[in-house]
């Protein structure tokens, strides 16, 4: 089984999140949780994870990030996905993580999340 959902923001870079005050990071994580609930609303229910899943996060943003900044900037989103039990954990035994990015111009930024059961 596989599922796709979209968040109406581009995930920030890891450098941006490292410079933020802890309270701002906490508020951002809460905002991500609500954006995730909103993105999942109206879709068929995604069952809680019972085994390994592939989580692919595709950032659609104005600029290109280096790979480590891209991955670090997605940490809060991965934590929120884990809290919703869409993945068991973010360790390699339970989740295969993939990060991609697409540079866009003239359209609003977004983040597309692909979730897939692995057998």
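Quick one: in segment 103-116, which of the residues that are assigned to a strand (DSSP E or B) and in contact with a strand residue (DSSP E or B) (Cβ under 6 Å, 6 or more places away or on another chain) is farthest from residue 2 (Cα to Cα)?
Pass one, segment 103-116, residues assigned to a strand (DSSP E or B): 103, 110-116.
Within this subset, residues satisfying the condition of being in contact with a strand residue (DSSP E or B) (Cβ under 6 Å, 6 or more places away or on another chain) are 110-116.
Working: 110: 20, 111: 17, 112: 13, 113: 11, 114: 7, 115: 6, 116: 4 Å.
Out of the qualifying residues, it is 110.
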| task | Would you check if there is a residue in segment 57-65 being out of contact with any helix residue (DSSP H, G or I) (no Cβ under 9 Å at 6 or more places or on another chain) and closer than 16 Å to residue 4 by Cβ? | result | yes
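Residue-wise test of (1) at pLDDT 95 or above; (2) under 15 Å from the mean Cα position of the chain (by Cα).
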site	(1), (2)
56	yes, yes
61	no, yes
66	no, no
78	yes, yes
95	yes, yes
103	yes, no
117	no, no
| query | Within segment 27-34, is there a residue that is under 16 Å from residue 79 (Cα atoms), in contact with a strand residue (DSSP E or B) (Cβ under 9 Å, 6 or more places away or on another chain) and in contact (Cβ under 8 Å) with a residue 12 or more places away in the chain? | reply | yes
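The values are calculated or read from the model by the stated rules, or taken from the named source; none is laboratory data. Fair warning: this is a prediction, and the values are worked out from it, not measured in the lab. Note that we place each Cβ from the backbone using ideal geometry, even for glycine, and neighbour counts take in every protein chain shown.
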